[in-house]
Amino acid sequence: MTSSLEQARCLVYDVEHEYIARDQASVRAALTEHKRTAVAAGDQAQAKEIWCLETLLNAQEHYLSAFQAMRAQEFPAAWTSLVHAENALHFLRGHLPDDVGRSAFIAQQVENFQTLFPYRIFTSPELVIGYHTCSVCGAVVRLRTPCGHEPGEIYDGEMCHRKAHDVQLVGVALVRNPVMKTNVISTAEHPYDFPMVAKVITHLSGPFAPWHIEWNEMRLPHSLFAHIRTREPCPCNSRLEYGQCCLNRLGVRQEEGKVTIGAGIAVPPWSFYRSPLRHANDPV
Ligand SMILES: [Zn+2]
Ligand SMILES: [Zn+2]
């Protein structure tokens, strides 16, 4: 049964109250059907609105999957879903007003959760691309020969993007700010631990329970790092040796994250510590 566009819109916009009951597949099918009708009628505004609803639905579903995965202690899967939610929300930017369908809330929570994960270094493929084509018209696009379609704009209810052809992988770099945050490095010998995510997730009543974390830099006493030798990398993530970095300072540079759950009351007042995401000399 195809629901009306108005019904589908309500199910996506009021995600906070509808997400348990809503049948994602039938909402998606209804949107596909309505978009086909709008495109056939040449109604670009309607087709674009439906693309927004589809993309918002994707963001919501990825966020809800991430929440479920964190509850189930499946943290690597949760990370992937958080990144997909972030990407979907990124596509929506400029096309939707703020916080429609809790988009601003979800964006904030995705960011909050990501700060609790231990991933610091990612892989980034170094590619040589032969040429690009436009996803809308298929024309070969070069700097001096634009096709008239703007990447990121919506045409016939689809977002215009550039397709890469004759792609060669020439190397892989290790980076801190990757284009693809899903490219985490993991090895069997050094599995990641997720104590911060595990702790926060058990104290949340559901995916729309508000919580907040504030990170501030501070220095922790050297006694906590007594197991690290002076020639080993400094725990502040600076890429320098401990002996040439924080060991000469008052303490080891770390970040403290203060968690609050609910309406600004820290219950209990937790603090987490992590090595800084950026070195002081990194470009911002
Ligand atoms: Zn084009
Ligand atoms: Zn240091």
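For the reader, a short list of remarks on this structure follows.
Residues are listed down the side, and each one gets a yes or a no for (1) more than 14 Å from ligand 2 (Cβ to nearest atom); (2) within 26 Å of the chain's Cα centre (by Cα); (3) modelled with pLDDT of 90 or more; (4) not assigned by TED's automatic domain parsing to the domain that holds Gln108:
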{"site": "Lys199", "(1), (2), (3), (4)": "yes, yes, yes, yes"}
{"site": "His203", "(1), (2), (3), (4)": "yes, yes, no, yes"}
{"site": "His227", "(1), (2), (3), (4)": "yes, no, yes, yes"}
{"site": "Cys234", "(1), (2), (3), (4)": "no, no, yes, yes"}
{"site": "Gln244", "(1), (2), (3), (4)": "no, no, yes, yes"}
{"site": "Val252", "(1), (2), (3), (4)": "no, no, yes, yes"}
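- Qualifying residues in the stretch 94-128 (those that are β-branched (Val, Ile, Thr) and surrounded by 12 or more Cβ atoms within 10 Å (Cβ to Cβ)) - the one nearest to ligand 1 (Cβ to nearest atom): Val100
- Residue ID - surrounded by the fewest Cβ atoms within 10 Å (Cβ to Cβ), chosen from residues in the stretch 185-197 that are among the β-branched types (Val, Ile, Thr) and modelled with pLDDT under 90: Thr187
- Of all the listed residues (Cys147, Cys160, Cys134), the sole one being in contact with a Lys or Arg (Cβ under 8 Å, 6 or more places away or on another chain) and closer than 25 Å to Phe91 by Cα is Cys134.
Yes/no matrix, rows are residues, columns are (1) of a type outside the set (A, V, I, L, M); (2) more than 16 Å from ligand 1 (Cβ to nearest atom); (3) part of a strand (DSSP E or B):
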residue	(1), (2), (3)
Val200	no, yes, no
Ile213	no, yes, yes
Met218	no, yes, yes
His227	yes, yes, no
Arg231	yes, yes, no
Thr260	yes, yes, yes
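- The residue that is modelled with the lowest pLDDT, counting only those in the stretch 19-37 that are surrounded by fewer than 16 Cβ atoms within 10 Å (Cβ to Cβ) and charged (D, E, K, R), is Asp23.
- Subset of the stretch 101-134 (residues that are among the polar types (S, T, N, Q), farther than 28 Å from Val15 by Cβ and modelled with pLDDT of 95 or more): Thr133
- Asp98 meets all of the listed conditions (1) more than 14 Å from the chain's Cα centre (by Cα); (2) at pLDDT 95 or above but one, namely (2).
- The stretch 85-99, residues that are in a helix (DSSP H, G or I) and either within 16 Å of ligand 2 (Cβ to nearest atom) or among the acidic types (Asp, Glu) (or both): Glu86
- In the set Arg120, Arg102, only one residue is within 16 Å of ligand 2 (Cβ to nearest atom) and under 30 Å from Glu256 (Cα atoms); that residue is Arg120.
- Where a residue in the stretch 123-139 is touching a residue at least 24 places away in the same chain (Cβ under 8 Å) and in a strand (DSSP E or B) and its partner, wherever it lies, is among the acidic types (Asp, Glu) and away from ligand 1 (no atom under 16 Å from the Cβ), with Cβ under 6 Å and at least six apart: Gly130/Asp166
The values are calculated or read from the model by the stated rules, or taken from the named source; none is laboratory data. Worth saying up front: this structure is predicted, and the values here are computed from it rather than measured. Heads up, the Cβs are rebuilt from the backbone with ideal geometry, glycines too, and the neighbour counts pull from every protein chain shown.
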